[in-house]
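Working notes, structure below.
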Amino acid sequence: MDYLQIEGGNRLSGSVRISGAKNAALPLIASSILAKNPISISNLPNVKDIQTLLRLLDNLGASYSLDGNRVDIDTSTIDSTTAVYDIVRTMRASILVLGPLLSRFGHCEVSLPGGCAIGQRPIDLHLKALKQMGAQISIRSGYVVAQAPSGLKGSTIIFDKVTVTGTENIVMAAALARGKTTIVNAAKEPEVVQLCEVLNRSGVQIEGIGSDELVIHGSDGELLPMEDIEVIPDRIEAGTYLCAGAITGSKITLREVIPQHLEAVLLKLMQMGFPLQSDDSSITIEPAKRIEPVEIVTSEYPGFPTDMQAQFMSLALLAEGTSIIEERLFENRFMHVSELRRFGADIQLKGNIATIIGPTKLFGADVMATDLRASSALVLAGLAAQGTTNVHRIYHLDRGYEKIEEKLGALGAKIKRMRE
Ligand code: EPZ
């Protein structure tokens, strides 16, 4: 297995181009199941999760050709509606094929996505909503078996919790359903917005895009004339690189980014003392004169994103004082704490609240990645630590960060990929 070796203490400089958003690309790839015609999706991040979902579509009988950051997908050749365990278990977002397969074919079997390191991650809300739209759903030998022989019918769905992929699944199911579907308490993440905008441009009338109440007027089984898609920039990758600049006391610029997609993150960085300038497609961060401690409570968009929680914990290690981070979305998203302690961090955990005592002098260490965003937090700490850090199990990182060592290396970090 690969690991990353980092010599810490280096200033960074220059600029980095932000890749397309993994969490926008995944539902957009799944939406190709709804298309009447082959579609092209560009600005794809070249990361493992994208390859996994394309492999799943291939397994269903669809055909695709992936050329760097662009994929052409033709789902007219799909001849199976079973999303198999050995693909789904490697990426739980495979559940995003459930809504489209069911609404297009009237039946499908999708392996239950396991939980993952950060929590149980149930899909009860997805299933409850599909049942409300007329589907018969049962769980058999680890698979969700869904039937809707006469198609899905529009309904009013009230999500008890805001769920990103739950909203995306139901938006896609409603796109081909008969009649109107209203989703109350819908997720408003930019990735959900892009999916709605793409479907809206494909002839599915959707009202309330960007709000927490969506009204989708289904095509009653008519496949959609879909146009080519360009994936929006990755706001979490962008936030991660801003933290790389912040934690190394550097001035760096991010290009091809949408600043308003990470407003909560920018506000927290400014509160911590980091000067920021941005225009409509770039953000520049400069060193803080003094890094102030921070209080963070993760919440759904537009609140502070849970996917940036680990990265800010690493940054908070350098703050002059005590920071508090409360994780409200996932029940087990503090695995990075024990690894950060290996750098010398002083972090106390009480339930879903972490108290970070700063400033801490960080010393390089061997550490182990546990999940995608925790891995990036360990890389950040390694960039700031004195000496050598080896981050192991970086297959987690490769799921969601494109060319991370090339991008950081180009900014001046001393980082290389090694083989165990
Ligand atoms: C999406 O996951 C993202 N993944 C996650 O990013 C992100 O952390 C998460 O949203 C929250 O923003 C993708 O978009 C592919 P949820 P998702 O359903 O949709 C509970 C990354 O690092 N819930 O919004 O799976 C759930 O347990 C990944 O890129 C139910 O109880 O998250 C959680 O506590 C990690 N029942 C909360 O809702 C359900 O049926 C939010 O989960 C569904 C969710």
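Each value in this text was obtained by applying a stated rule to the coordinates, not by laboratory testing. Quick caveat: nothing in here was measured; it's all calculated off a predicted structure. Glycine also receives a Cβ, built like all others from the backbone with ideal geometry; neighbour counts cover every protein chain displayed.
Please rank ASP49, ASP86, fewest neighbouring Cβ atoms within 10 Å first, as an exposure proxy.
By the 10 Å Cβ count, ascending, the order reads ASP86, ASP49.
Taking R0 as 60 Å, what FRET efficiency do you get between ARG419 and VAL145 from their Cβ-Cβ distance, rounded to the nearest 0.05?
Working: r = 42 Å, r/R0 = 0.70.
Calculated transfer efficiency: 0.90.
Scan around THR322 for amide H atoms under 5 Å from its own, H built in the peptide plane at 1.01 Å from N, and keep only partners 5 or more places away or cross-chain.
Close amide H contacts, sequence-distant or interchain: GLY358.
If packing is taken as the average number of other Cβ atoms within 10 Å across a peptide's residues, how do 233-244, 203-214 rank, most packed first?
Order by mean packing, descending: 233-244, 203-214.
Based solely on its DSSP helices, what 222 nm [θ] is calculated for the chain when runs of n ≥ 4 H residues each add -39,500 (n - 2.57) and the sum is averaged over all residues, nearest 500 deg cm²/dmol?
Estimated from H runs of four or more residues: -8500 deg cm²/dmol.
Please report LEU223, LEU96, LEU378 as a ranked list, fewest other C-beta atoms within 10 angstrom at the top and most at the bottom.
In increasing order of surrounding Cβ atoms, one gets LEU223, LEU96, LEU378.
Can you give the net charge of the other residues whose Cβ lies under 11 Å from the Cβ of ALA365, counting K and R as +1 and D and E as -1?
With Lys, Arg at +1 and Asp, Glu at -1, the neighbours total 0.
Which lysines have a Cα lying under 22 Å from the Cα of LYS36, excluding residues fewer than 8 positions away in the same chain?
LYS36 reaches LYS153, LYS180.
Averaging the inverse of every distinct alpha carbon separation and then flipping it gives the Kirkwood radius. What is it for the range 268-420, in angstrom units?
This gives a value of 16.0 Å.
Restricting to the chain, what percent of DSSP beta bridges are antiparallel, rounded to 5?
Within the chain, antiparallel bridges account for around 70 percent of the total.
For the pair ARG290 and GLU207, how long in nm is the line joining their label points, each one 7 Å along Cα→Cβ?
For the pair ARG290/GLU207, the computed spacing is 5.3 nm.
Within straight cross-link reach of LYS251, meaning Cα distance under 18 Å, which lysines are found once same-chain residues fewer than 8 apart are removed?
Those lysines meeting the cut-off are LYS268, LYS289, LYS407, LYS414.
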